[in-house]
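A.B. asks: Take this structure first; my questions come after.
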Amino acid sequence: MARVAVVTGGTRGIGAAVAKALKAAGYKVAAVYHGNDAAAEAFKAETGIAVYKWDVGNYDACAAGLAKVTADLGTIGVLVNNAGITRDGMFHKMTADQWYGVINTNLNSLFNMCRPVIEAMREANFGRIINISSINGQKGQMGQTNYSAAKAGDIGFTKALAQENARKGITVNVICPGYIGTEMVRAVPKEVLEKSILPLIPVGRLGEPEEIARCVVFLASDDAGFITGSTLSANGGQYMA
């Protein structure tokens, strides 16, 4: 029987690539989104992947949404926490809304999504939790104290949860992408991209969402059963931790 995989932020960018790759690998996939109905419907029509709408920053919404996915598709075996937002600004000018909005979506969401599924995974003696952090959670980034703090928190969360659940057949790993050629990054002015971003990347190019998706598919597989609590840096050599 095909395993069920849930991908948050799953209808655009990296999340969409992950959802497609997991479906191609034989999983039954649920793609979770929050804001863009038109993009979600287009994604569903293109891929045939089931889409579900809720706010990952809201625990009750996550619990209800995950219960609906379980009723529709079956017990969740793979969870990919990919949803994230940015609200950039220098810290001395940052508002409370900028801070808490990013922390809630990018960090608190890990509790909100993992807590409702972890007991079933423990009972099944199997689970794969894959969290998508960022290079900026490893090294920090000016103008992103909120984002860097949340993404660093994702790494710590991963290591602790991995230790708690290793003997239950559950692996918990984190991927830290560098600059990936998503719609958001490709919207950066060409001169900024060529002069300020690409020179920092030793391989000389942006990553592709599909490259992150392949990392996820591997970590979700039975072949990755001895890998847990690990941080996988996929950044073209930009930051070597």
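Bear in mind that the values in this text are calculations on the coordinates, not laboratory data. Everything numeric in this text was worked out from a predicted model, so none of it was measured. Glycine gets a Cβ as well: all are built from the backbone with ideal geometry, and neighbour counts include every protein chain shown.
A.B. asks: Tell me which of these TYR52 doesn't satisfy, since it passes every other one: (1) free of Cβ contacts under 8 Å to residues at least 40 places away in the same chain; (2) under 24 Å from THR231 (Cα atoms).
C.D. replies: All conditions pass for TYR52, except number (2).
A.B. asks: In addition: Just to be sure before I move on: is SER221 out of contact with any helix residue (DSSP H, G or I) (no Cβ under 6 Å at 6 or more places or on another chain), surrounded by fewer than 18 Cβ atoms within 10 Å (Cβ to Cβ), of a type in the set (Gly, Ala, Ser) and within 23 Å of ALA2 (Cα to Cα) in the structure I sent?
C.D. replies: So SER221 passes the test.
A.B. asks: Here's something else I'd like to know. Within the stretch 212-223, count every residue that is in contact (Cβ under 8 Å) with a residue 24 or more places away in the chain and within 12 Å of ILE175 (Cβ to Cβ).
C.D. replies: So the count comes out to 8.
A.B. asks: Related question: Considering only residues that are crowded, with 22+ Cβ neighbours inside 10 Å and polar (S, T, N, Q), look in the stretch 108-131 and name the one that is nearest to PHE226 (Cα to Cα).
C.D. replies: In this case the residue turns out to be ASN131.
A.B. asks: Have a look at ASN106, ASN173, ASN131 and point out the one that is out of contact with any strand residue (DSSP E or B) (no Cβ under 8 Å at 6 or more places or on another chain) and not hydroxyl-bearing (Ser, Thr, Tyr).
C.D. replies: That would be ASN106, the only listed residue that is out of contact with any strand residue (DSSP E or B) (no Cβ under 8 Å at 6 or more places or on another chain) and not hydroxyl-bearing (Ser, Thr, Tyr).
A.B. asks: Return a yes/no flag: does the stretch 91-107 have any residue that is acidic (Asp, Glu) and surrounded by 15 or more Cβ atoms within 10 Å (Cβ to Cβ).
C.D. replies: No.
A.B. asks: Here's a follow-up. Consider THR70 against the criteria (1) under 17 Å from the mean Cα position of the chain (by Cα); (2) of a type in the set (Val, Ile, Thr); (3) closer than 24 Å to LEU219 by Cα: it satisfies all of them except one. Which criterion is unmet?
C.D. replies: The number of the failed condition is (1).
A.B. asks: Within the set of pairs 6 or more residues apart or between chains, which connect a residue that is within 16 Å of ILE180 (Cβ to Cβ) inside the stretch 126-142 to a residue that is assigned to a loop (DSSP other than H, G, I, E, B) and of a type in the set (Asp, Glu) with Cβ atoms less than 9 Å apart?
C.D. replies: GLN141/ASP88
A.B. asks: Tell me, which helices (runs of 4 or more DSSP H) wholly within the stretch 1-74 include 1 or more residues that are closer than 18 Å to MET113 by Cβ and aromatic (Phe, Trp, Tyr)?
C.D. replies: Fully inside the stretch 1-74 and qualifying: 59-73.
A.B. asks: Among the helices (runs of 4 or more DSSP H) confined wholly to the stretch 79-180, which include 1 or more residues that are among the aromatic types (Phe, Trp, Tyr)?
C.D. replies: Hits in the stretch 79-180: 96-103, 109-124, 145-165.
A.B. asks: Taking interchain pairs and intrachain pairs at least six residues apart, which have beta carbon atoms under 9 angstrom, with the first residue in the stretch 31-45 and over 12 Å from GLY15 (Cα atoms) and the second among the basic types (Lys, Arg)?
C.D. replies: Within 9 Å, the pairs are HIS34/LYS53; GLY35/LYS53; ASN36/ARG12; ASP37/LYS53; ALA39/ARG12.
A.B. asks: Could you check, for the stretch 212-229, whether at least one of its residues is under 17 Å from ILE118 (Cβ atoms), outside any helix (DSSP H, G or I) and not charged (D, E, K, R)?
C.D. replies: Yes.
A.B. asks: Looking only at the stretch 62-100, how many residues end up being touching a residue at least 40 places away in the same chain (Cβ under 8 Å) and of a type outside the set (S, T, N, Q)?
C.D. replies: Matching residues across the stretch 62-100 total 22.
A.B. asks: Quick check on the stretch 185-201: of everything there that is of a type outside the set (Lys, Arg), surrounded by 11 or more Cβ atoms within 10 Å (Cβ to Cβ) and over 19 Å from the mean Cα position of the chain (by Cα), which residue is farthest from GLY137 (Cα to Cα)?
C.D. replies: Per the criteria, the residue is GLU194.
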